[in-house]
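This report concerns only the one structure given below.
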Amino acid sequence: MNGVDKTGSRMQDVWMKNEVVIGLVMVAVLTVIMLTLGLSLVLTILIDAAVFTIVTLSLNLEVGHTGISQFGRVLAVIAGAFVVGAVPGRVLAFLNGLPYGVSYADDAVNYKVVPAISDLLASSLPLSVGFLLFSFLLAAVAGAAVGWLTSRPAIRLKEAYLGISLLAFGDFFMWVGHNWEPLVGGTTAVFVPDPFRVVWGSRFQVVVIVAVIMAFLVYLYLEKLTRSPFGRTLHMVRDCDVAAAVCGKDIVRIRTQSLMIGSALAAVGGALYVIYAGTCTAIGFTRLTWTFWPWAYMMLGGIGSNRGVVLGVLMLTVARTLIITYRSTLFGFLLTWGIDPMWLEYTLMGLVIMLVVLFMPHGLVPAKVESILPAGRVRKAAQEQGFGATVG
Amino acid sequence: MPAWLASGLAYASGLSLTAGGITLLYITTRTFNFAHASMATWGFYVVYTGTVLYGGTPYRWLPLSFLFGALLGVICYLVLNRHLLARKANTITLMMSTLGYDLVLLAFIQMYCDYLTYSLKLFPRRVTMSVYDIELFGTSGASVILPLTAVAVLSLLHLFITRTKFGTAMRATIENSLLAGASGINSDWVYLASWVIGGGMAALGGAFMAMAMTGTPVLGMTTIPFMFAGAILGGLHSLYGGILGGFVVGLAEYAGVYFLAAEVGSWVLGYRMAIPLLIMAVTLMAFPQGLAGAWATMVGRAAGLRKRGVEA
């Protein structure tokens, strides 16, 4: 070990790392897709990946770094999506003398009011940017509020009980949105004012760039957060909450903070999604798409590893998009029995979860086990005790 | 019998079977079985296919439905659960593995529905099973036959685990798997048996519930929170608690919606799922270990008091 050239081995380490290899493969795949199938498909992949990266990273903060069994991710996503579907448009409608009350969400009124607001936004860049930032801020506040609410049972309940309770309440919120029309139109979708109309000619490209930048910022923030003293406290609570309590850490407060930060970020992801889609349909926020799929992404990438999560999201998004693109050419034989190849997407996600659990329990990029002391001090202590040969 | 009670009884019987199955799997294998959702839906589609293609009452097909569910359970055990248990995986990993299995089963259900629609010109995506029902004692057959079948199945289960040698081995493994192993019980067979029974109960439960509600490919997917609610209400420690919890949750939903709709207005129908969730939330807030946990605490306290009384 002592004889090896240090810089050389480090270089080798960088190239042997899973994340570097997979990242390069993903870039290559995206390039091939761009050259063969066109740029717009790559942009679709990127926007999907960006939205789900934000949501899955927030899930990873709670599950991977804090050890909370969060099976209600959809709850916070719904909070962000519904708030952005319901509030900012109403504020602008109120300021401009348009109908803003209960009737705003009525489908006969909504399809006239929202385009009027969008036209208004299109006329001024500062207004559009302000609208966008206001929407995200609102979503984050709503998400943090939901996170605080879910932290109440999270203090009392053990893992499985908590997971099931959160799952059930996510479903409940979806049904509230589906049934209570004044919120986001109930069974009919409510339109969301479009702050990107300012750049009408290149709207799609700009949305993708904004989304990717936001996902990157969330990644940087969480990477920094989980490496900070606060992040190490989270890991301590995750690994042994009793020991953390003995060390004087307030476990309730730490779990609450983690849930509030995670839920606020997930809500921003939901807000980004409805602004990009231009509509907000309550029934679209199912636990399958917004809880289970982020779980699958996270498990493939590696629970507790932020880089792994980003790669997991990217890989599965590419795979899903390719299945949808090639479903009639590659899987067209299914159509002879009338079977829609669309369902292969479900099979793919299910198989990924099963295979990861069986053969790759730590994911593509396993989270590093970090020692509390620097490695050098551990080695020195071990040598003093005479364990030098076995450690490091 | 009023209509809400008739369909409520059929639904509650189905929910008690599924909740019982979830509880059984949890106490034997520590697995929260998400695949219960699609196993239940498959149970319904077995009955539907049999009834539509070969005629007769839906009840003829219940045994086949149980067997199919048991088969799905066995596959889940042999492919996934067995290896994870051997590896001593944690609860969350066990839970996620069944979620993956559930998604695959759901995909197959959807493909099967596509096949039925295309090749046999059926309409399997919105099924009202009650049209195939028979009339019995002036009320729907489902409200009589299904609760009775549920009671029969659960009695058989009770006899099986209390009166047979294998049942005793099962209980021993549940109580203390290490000691049971030391005394020569093969826990592998016990786990397999609980997947057979749990999967079969899930399929039966799904077939039961379809007699009271619209049968769709997402029948299990939409009702799984209530199955869990029933199991949690029962406390997840006792099989009988789970069965009772499922029944209470199911009947409370139908009764609650009926009386609330009469009092407040029909708009509450959209929020019917709030009732079982509220029951679950209140139970968990008051007794974080469920009703069986509360019962055990109460019995424990009473026993403690008695003991102290004796000493005094």
Taking the options A:234, A:222, A:183, A:167, name whichever one is part of a helix (DSSP H, G or I), touching a residue at least 40 places away in the same chain (Cβ under 8 Å) and at the interface with another protein chain (Cβ under 10 Å from one of its Cβ atoms). A:167
I'd like the full set of residues that are under 14 Å from residue B:245 (Cβ atoms) and in contact with a Pro (Cβ under 8 Å, 6 or more places away or on another chain), limited to region B:13-51. B:13
Would you say residue A:173 is part of a helix (DSSP H, G or I), open to solvent by 60 Å² or more (accessible area, probe 1.4 Å) and touching a Leu at 6+ places or on another chain (Cβ under 7 Å)? yes
Quick test for you: out of B:248, B:257, pick the one residue that is open to solvent by 40 Å² or more (accessible area, probe 1.4 Å), closer than 23 Å to residue B:14 by Cβ, more than 8 Å from every other protein chain (Cβ to nearest Cβ) and at pLDDT 80 or above. B:248
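Residue by residue, here is whether (1) of a type in the set (A, V, I, L, M, F, W, C); (2) within 12 Å of the chain's Cα centre (by Cα); (3) away from chain A (no Cβ under 14 Å) holds:
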{"residue": "B:201", "(1), (2), (3)": "yes, yes, yes"}
{"residue": "B:205", "(1), (2), (3)": "no, yes, yes"}
{"residue": "B:214", "(1), (2), (3)": "no, no, yes"}
{"residue": "B:217", "(1), (2), (3)": "no, no, no"}
{"residue": "B:224", "(1), (2), (3)": "yes, yes, no"}
{"residue": "B:235", "(1), (2), (3)": "no, no, no"}
{"residue": "B:262", "(1), (2), (3)": "yes, no, yes"}
Please list, ordered by residue number, the helices (runs of 4 or more DSSP H) wholly in region B:50-156 having 1 or more residues that are more than 28 Å from residue B:24 (Cβ to Cβ) and in contact with an Asp or Glu (Cβ under 8 Å, 6 or more places away or on another chain). B:91-119
Can you find a residue in region A:132-149 that is open to solvent by 20 Å² or more (accessible area, probe 1.4 Å), among the aliphatic types (A, V, I, L, M), away from chain B (no Cβ under 14 Å) and not in a helix (DSSP H, G or I)? no
From the list A:53, A:44, which residue is out of contact with any helix residue (DSSP H, G or I) (no Cβ under 6 Å at 6 or more places or on another chain) and under 30 Å from residue A:366 (Cα atoms)? A:44
With criteria (1) farther than 26 Å from residue A:288 by Cα; (2) of a type in the set (Lys, Arg); (3) modelled with pLDDT of 90 or more, residue A:17 comes up short on (3)
Would you confirm, using the coordinates I've provided, whether residue B:221 is modelled with pLDDT of 85 or more, in contact with a Ser or Thr (Cβ under 7 Å, 6 or more places away or on another chain) and under 30 Å from residue B:139 (Cα atoms)? no
Among the residues of region A:315-349, which ones are at the interface with chain B (Cβ under 10 Å from one of its Cβ atoms), closer than 26 Å to residue A:28 by Cα and free of Cβ contacts under 8 Å to residues at least 12 places away in the same chain? A:346, A:347
Of all residues being touching a strand residue (DSSP E or B) at 6+ places or on another chain (Cβ under 8 Å) and among the hydroxyl-bearing types (Ser, Thr, Tyr) in region B:188-216, which is most open to solvent (accessible area, probe 1.4 Å)? Just the residue, please. B:214
State the number of residues belonging to region A:237-254 that are surrounded by 19 or more Cβ atoms within 10 Å (Cβ to Cβ) and either without any contact (Cβ under 8 Å) to a residue 24 or more places away in the chain or under 26 Å from residue A:50 (Cα atoms) (or both). 1
Report the residue count in region B:106-121 for those that are open to solvent by less than 10 Å² (accessible area, probe 1.4 Å) and either touching a residue at least 60 places away in the same chain (Cβ under 8 Å) or of a type in the set (Phe, Trp, Tyr) (or both). 4
Answer with yes or no whether residue A:157 is of a type in the set (A, V, I, L, M, F, W, C), more than 24 Å from residue A:250 (Cα to Cα) and either open to solvent by 50 Å² or more (accessible area, probe 1.4 Å) or out of contact with any strand residue (DSSP E or B) (no Cβ under 6 Å at 6 or more places or on another chain) (or both). no
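The values are calculated or read from the model by the stated rules, or taken from the named source; none is laboratory data. Fair warning: this is a prediction, and the values are worked out from it, not measured in the lab. In this analysis, Cβ positions are derived from the backbone assuming ideal geometry, glycine residues included, and neighbour counts consider all displayed protein chains. Protein only, heavy atoms only, side chains kept; ligands, DNA and RNA dropped before computing areas. Shrake-Rupley method; radii C 1.70, N 1.55, O 1.52, S 1.80 Å.
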